[in-house]
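Take a look at the structure below.
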Amino acid sequence: QGLAEPEARRHFWILNRKGLLIRGRGELTDEQEGYAQPSEAVARWKTDGKFGLAEVIANVENPILIGLSTAGGAFTEEIVRNMASKVERPIILPLSNPTDKSEATAADLIRWTEGRAIVATGSPFEPVKHGERWYPIAQCNNVYIFPALGLGIVASGARRVTDSMILAAARALAENSPAQADPQATLLPNLRDLRRVAREIAVAVGIEAQAAGVAVKTPVEELRKNVAASQWTPEYRPSF
């Protein structure tokens, strides 16, 4: 946010099974080339020709680490501790599932960072105790965004879905993070609060749809009423 696209792309260090995406490396797709780092960015690294995750973390002050690899254990203790030594509150998201494919366990991430890591996982993990404190572990799941996005589209009558509508949904979810009030709280809302959060996200989506010109403009209160009226409620009636 606030950066020109070429500059923003330089902040992404993306690896696949062959290591860091570097321009000029063979077998890169057009999409990968768009995020590949220039060779001069790594020219002074002391890596013995290796450009794996350990080398990237050792050479970049990186605040966020996202795992989409299905490579269980890819976030090793050395990598995590190295990252945490340079970042006060590292954000570490091992999002692969099932559990045995997770890049790290929640317990290890909390322990290796002395409880400083902000963690969300793709697989379910039990709360972690470290010292005298329990750390709830959020499961990062599309249940938070997709139903609420659909609700906002229906309630606003949007004709299409724009990138800005999806960003509005993500920002509304972030605003409802329990960690906003308590830095040690879970990153994502409790499922018991999901219906209320879904309405907040849907309203944000509807407002953005109107701003983008893909929905008829209505007062916000009217949009809120439409969202509430459109939200489906499962009702189990007695059988006869």
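The alpha carbons of region 1-102 stretch over 34, 34, 30 Å along the principal axes, in descending order. The listed residues Leu15, Leu188 rank as Leu15, Leu188 when sorted by accessible area, largest first, using a 1.4 Å probe.
Pairwise Cα distances in region 102-181 exceed 21 Å for 43 percent of all pairs. Overall shape of region 2-52 was characterised from the C-alpha gyration tensor. The equivalent ellipsoid obtained from it has semi-axes of 19, 14, 9 Å, in decreasing order.
Take the Cα radius of gyration of the chain and divide it by 2.2 N^0.38 Å, N being the number of residues; the result is 1.19.
As a fraction of the 1.4 Å probe accessible area of region 1-150, surface on carbon and sulfur atoms comes out at 52 percent. Full extension of the chain between Ala179 and Glu114 gives 21.6 nm of extra length, using 0.36 nm per residue less the Cα-Cα distance. Legend: translational diffusion of region 184-240 by Stokes-Einstein, Rh = Kirkwood radius over C-alpha pairs, 10 °C, 1.306 mPa s; D = 118 µm²/s.
Assuming charge only on the beta carbon of Lys and Arg (+1) and of Asp and Glu (-1), the dipole of region 181-228 about its Cα centre is about 200 debye to the nearest 20. Note on Tyr236/Glu7: beta-carbon distance plugged into 1/(1 + (r/R0)^6) with R0 of 41 Å gives a FRET efficiency of 0.15.
Would you mind calculating the relative contact order of the chain from Cα pairs under 8 angstrom and at least 6 residues apart, reporting the percent as a whole number? Don't jump to the answer; show the numbers that get you there.
Details: 363 pairs, mean separation 29.3, N = 240.
Averaging sequence separation for qualifying contacts and normalising by length gives 12 percent for the chain.
Of the residues Leu187, Leu20, the one with the largest accessible area comes first in the ranking Leu187, Leu20, computed with a 1.4 Å probe on protein heavy atoms. In region 36-129, taking the dipole from charged Cβ atoms about the Cα centre, the farthest positive-side position among Ala74, Ile64, Ala107 is held by Ile64.
The values are calculated or read from the model by the stated rules, or taken from the named source; none is laboratory data. Just so we're clear, the structure is a prediction, and the values are computed from it rather than from any experiment. Heads up, the Cβs are rebuilt from the backbone with ideal geometry, glycines too, and the neighbour counts pull from every protein chain shown. Just so you know, the surface numbers come from the protein's heavy atoms only, side chains and all, with ligands and any DNA or RNA stripped out. Shrake-Rupley method; radii C 1.70, N 1.55, O 1.52, S 1.80 Å.
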